[in-house]
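Everything below concerns the one structure shown next.
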C-alpha cells in the first residue's frame with residue numbers, strides 16, 4: 001500500500017497504529033508505515049506547532065513498534081504518555097516503519113531507528129547523496145550497516161512530448177514544497193535560487209499562479225523528473241545514482257499526463 005506519512009503532531013500513536021493494523025488486515029503483507037513530522041507550514045495553518053521534533057519522532061516510532069507488536073504498552077516519556085494501552089488484535093505481518101527526513105539530525109535518526117528512510121519530493125540528486133551519507137552515520141551509530149529496507153524517495157514526475165509542458169505541470173507542487181525553509185540547502189545544492197519568503201506569502205494567499213512564478217524552469221529540472229519520455233528515463237537514472245533504492249514517482253498534470261508516468265514506470 002502506497003506510503004502516506006503519519007505525523008505525531010496530528011495523529012496520536014494509538015490512532016496511527018489502529019489505522020495501520022486495519023490496513024494490514026485488508027492488504028496483508030503490503031502495508032508499510034511512514035512516520036514524519038509533516039509539512040510544518042501546513043501544520044501551522046491549522047494551529048499545530050512542531051516542537052521538539054527529534055525527541056517526538058524517537059518516542060513516536062518506539063510506540064508504534066510496541067503497539068503494532070500487540071503488547072500492552074506502559075510508556076511515560078518526555079512527549080507521550082500511554083497507560084497500559086493494547087491493540088485489539090496484532091497485525092498478521094510485521095509492518096516496517098519508514099521515517100521521513102530532510103535535515104541532518106532527523107536523517108541520522110532515521111538511520112538509527114527506522115526500518116527505512118523516505119526522502120521528501122523535491123530533493124535534488126546531489127542533495128539525495130548527502131542525505132544518504134547522514135542516514136549511514138545514524139545507522140553506524142546504532143551498529144547497523146544501513147537502514148534495513150534502504151532509502152526511498154518521492155520524485156515529482158511529469159512526462160509529455162513537450163518538455164516545456166511537462167516542466168510547467170511540476171511547478172505548482174514544487175512551489176508548495178519549497179515554501180518550507182528546511183529546503184533551503186536542498187535548493188542551493190540543486191544550483192538554483194528560490195525566494196522562499198515571497199513564495200510562502202503567495203501560497204498563504206492561495207495565489208498559485210503567482211507562486212509558480214517563483215519556480216524557474218531550471219529549478220524544476222534540478223528537483224524533479226520533468227520532460228519528454230526519453231529525458232525522464234535518463235533523469236531517473238540520476239536520482240537512483242544519487243542513492244535512492246526505491247524511487248516513488250509522484251505523477252503531475254492531467255489524467256493523460258499521469259498515464260504517461262505510469263508507462264514510464266512500467267518501462268523501467
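The values are calculated or read from the model by the stated rules, or taken from the named source; none is laboratory data. The shown structure was predicted, so the numbers you read here are calculated from the model rather than taken from an experiment. Here the Cβ is made from the backbone with ideal geometry for all residues, glycine too, and neighbour counts use every protein chain on show.
The figures follow:
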{"read-out": "Only one of 174, 236, 244 that is assigned to a loop (DSSP other than H, G, I, E, B), touching a strand residue (DSSP E or B) at 6+ places or on another chain (Cβ under 8 Å), at negative phi and assigned by TED's automatic domain parsing to the domain that holds residue 104", "value": "244"}
{"read-out": "Elements of type helices (runs of 4 or more DSSP H) contained in region 1-109, each with 2 or more residues being farther than 27 Å from residue 124 by Cβ", "value": "13-26, 53-68"}
{"read-out": "Residue check, residue 267 without any contact (Cβ under 8 Å) to a residue 24 or more places away in the chain, farther than 30 Å from residue 110 by Cβ and surrounded by fewer than 20 Cβ atoms within 10 Å (Cβ to Cβ)", "value": "no"}
{"read-out": "Subset tally (residues that are assigned to a helix (DSSP H, G or I) and out of contact with any helix residue (DSSP H, G or I) (no Cβ under 8 Å at 6 or more places or on another chain)) for region 178-203", "value": "4"}
{"read-out": "Flag if residue 179 is in contact (Cβ under 8 Å) with a residue 60 or more places away in the chain and farther than 26 Å from residue 107 by Cα", "value": "no"}
{"read-out": "Extreme residue, modelled with the lowest pLDDT, among residues of region 135-159 that are in contact with a strand residue (DSSP E or B) (Cβ under 8 Å, 6 or more places away or on another chain) and not in a strand (DSSP E or B)", "value": "147"}
{"read-out": "Hits in region 182-193 (condition: in contact (Cβ under 8 Å) with a residue 12 or more places away in the chain, farther than 14 Å from residue 120 by Cβ and surrounded by 14 or more Cβ atoms within 10 Å (Cβ to Cβ))", "value": "192"}
{"read-out": "Count - residues of region 218-233 that are under 23 Å from the mean Cα position of the chain (by Cα) and either more than 27 Å from residue 150 (Cβ to Cβ) or assigned to a helix (DSSP H, G or I) (or both)", "value": "8"}
{"read-out": "Among the candidates 211, 204, 175, residue that is over 30 Å from residue 267 (Cβ atoms) and modelled with pLDDT of 95 or more", "value": "211"}
{"read-out": "Some residue of region 144-155 being buried (at least 19 other Cβ atoms within 10 Å of the Cβ), more than 17 Å from the chain's Cα centre (by Cα) and in the same structural domain as residue 242 (by TED's automatic domain parsing)", "value": "no"}
{"read-out": "Those residues of region 20-52 which are under 23 Å from residue 70 (Cβ atoms), in contact (Cβ under 8 Å) with a residue 12 or more places away in the chain and surrounded by fewer than 14 Cβ atoms within 10 Å (Cβ to Cβ), in sequence order", "value": "25, 27, 28, 29, 30"}
{"read-out": "Condition met for residue 79 (surrounded by 14 or more Cβ atoms within 10 Å (Cβ to Cβ), closer than 20 Å to residue 155 by Cα, modelled with pLDDT of 90 or more and outside the structural domain of residue 149 (by TED's automatic domain parsing))", "value": "no"}
{"read-out": "Selection within region 247-260 - closer than 23 Å to residue 116 by Cβ and either buried (at least 17 other Cβ atoms within 10 Å of the Cβ) or not assigned by TED's automatic domain parsing to the domain that holds residue 117 (or both)", "value": "247, 249, 250, 251"}
{"read-out": "Odd one out for residue 118 among (1) buried (at least 19 other Cβ atoms within 10 Å of the Cβ); (2) more than 20 Å from residue 239 (Cβ to Cβ)", "value": "(2)"}
{"read-out": "Some residue of region 118-133 being at pLDDT 95 or above, over 30 Å from residue 258 (Cα atoms) and outside any strand (DSSP E or B)", "value": "yes"}
{"read-out": "Every residue from region 53-74 that is under 19 Å from the mean Cα position of the chain (by Cα) and loosely packed, with under 14 Cβ neighbours inside 10 Å", "value": "54"}
